[in-house]
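> First, the structure itself, so that you have it in front of you.
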Amino acid sequence: MSNIKYILGSFGDPDEMMHGIEKLQENNIKIHDVYTPMPIHGIEAKLGVKRSRLDILAFFCGITGTVSAFALIYLTSVVDWKHNIGGKPAFALPDFIPIMFEVTILFCAFGLVGSYYASTHLFPGRAPRVMDLRATDDRFIIAVDAQENGDHGKIDGLLKEAGALEVKHNERKYISYE
């Protein structure tokens, strides 16, 4: 058994890369991932990537922020330090709304940034890991898991036929900047 972990097809054009994805899928070859220097419309559907659940997380972070702000304001201004200021009632909901809105946005922002770092493993101070360094510049990379797909010659031929500028066999999963 060879030490090759991934077969990387490097494309110079996004349309050729999409054609390469189609060719591989027509031949029942499982694609590990695709790396592009820019977003490409429709690639998630073509690769079968599931819908993101970030909107659900944002909703729950926002609700947590709203409830936390309301609880803090209510407990401090109504329960603990009840003051009669200008004849207004202690529980004046319209006065709470701007603070509740701001805390909702704060919790939502921090929650989504934290979940982004957790899901992508891009914590501050950690070196990014990529399959091919040119994928961040001008190349479109299709990564095929060489151990799941046995016929390496067929994969190489399909990638070249689709317009790959270069086909490489990687022995490591990632190239590290470190």
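> Residue by residue through segment 146-163, note down the ones that are among the aliphatic types (A, V, I, L, M) and closer than 15 Å to Asn3 by Cα.
Of everything in segment 146-163, just one residue is among the aliphatic types (A, V, I, L, M) and closer than 15 Å to Asn3 by Cα, namely Ala146.
> If you check Ser52, Ser77, which single one turns out to be hydroxyl-bearing (Ser, Thr, Tyr) and either within 30 Å of Glu171 (Cα to Cα) or open to solvent by less than 50 Å² (accessible area, probe 1.4 Å) (or both)?
The unique qualifying residue is Ser77.
> Please enumerate the residues belonging to segment 144-167 that are open to solvent by less than 60 Å² (accessible area, probe 1.4 Å), closer than 13 Å to Lys23 by Cα and in contact with a helix residue (DSSP H, G or I) (Cβ under 7 Å, 6 or more places away or on another chain).
Scanning segment 144-167 gives Val144, Leu158, Leu159, Ala162, Gly163, Ala164.
> Is it the case that some residue within segment 120-128 is β-branched (Val, Ile, Thr) and open to solvent by 90 Å² or more (accessible area, probe 1.4 Å)?
Looking through segment 120-128, none of the residues is β-branched (Val, Ile, Thr) and open to solvent by 90 Å² or more (accessible area, probe 1.4 Å).
> What are the pairs, 6+ residues apart or on separate chains, where a residue within segment 48-62 that is farther than 30 Å from Val34 by Cα and among the charged types (D, E, K, R) has its Cβ under 7 Å from a residue that is open to solvent by 60 Å² or more (accessible area, probe 1.4 Å) and assigned to a loop (DSSP other than H, G, I, E, B)?
From residues that are farther than 30 Å from Val34 by Cα and among the charged types (D, E, K, R), there are no pairs.
Rundown of residues vs (1) aliphatic (A, V, I, L, M); (2) within 27 Å of Glu171 (Cα to Cα), yes/no style:
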| position | (1), (2) |
| --- | --- |
| Ala69 | yes, no |
| Lys88 | no, no |
| Pro94 | no, no |
| Ala109 | yes, no |
| Gly125 | no, yes |
| Val130 | yes, yes |
| Ala135 | yes, yes |
| Arg139 | no, yes |
| Ala146 | yes, yes |
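> Turning to a different aspect of this structure: Say whether the condition of being among the small types (Gly, Ala, Ser) and exposed (fewer than 11 other Cβ atoms within 10 Å of the Cβ) is met by at least one residue in segment 95-118.
The answer is yes; a qualifying residue exists.
> Can you find, within segment 8-25, the residue that is surrounded by the most Cβ atoms within 10 Å (Cβ to Cβ) among those that are touching a residue at least 40 places away in the same chain (Cβ under 8 Å) and among the aliphatic types (A, V, I, L, M)?
Ranking the candidates gives Met17 first.
> Tell me the residue from Lys30, Lys46, Lys5 that is open to solvent by 90 Å² or more (accessible area, probe 1.4 Å) and basic (Lys, Arg), please.
Exactly one residue qualifies, and that residue is Lys30.
The values are calculated or read from the model by the stated rules, or taken from the named source; none is laboratory data. Remember, it's a predicted structure, so these values are computed and weren't measured experimentally. Here the Cβ is made from the backbone with ideal geometry for all residues, glycine too, and neighbour counts use every protein chain on show. For the accessible areas, the whole protein counts, side chains as well, though only heavy atoms, and no ligand, DNA or RNA atoms are used. Shrake-Rupley method; radii C 1.70, N 1.55, O 1.52, S 1.80 Å.
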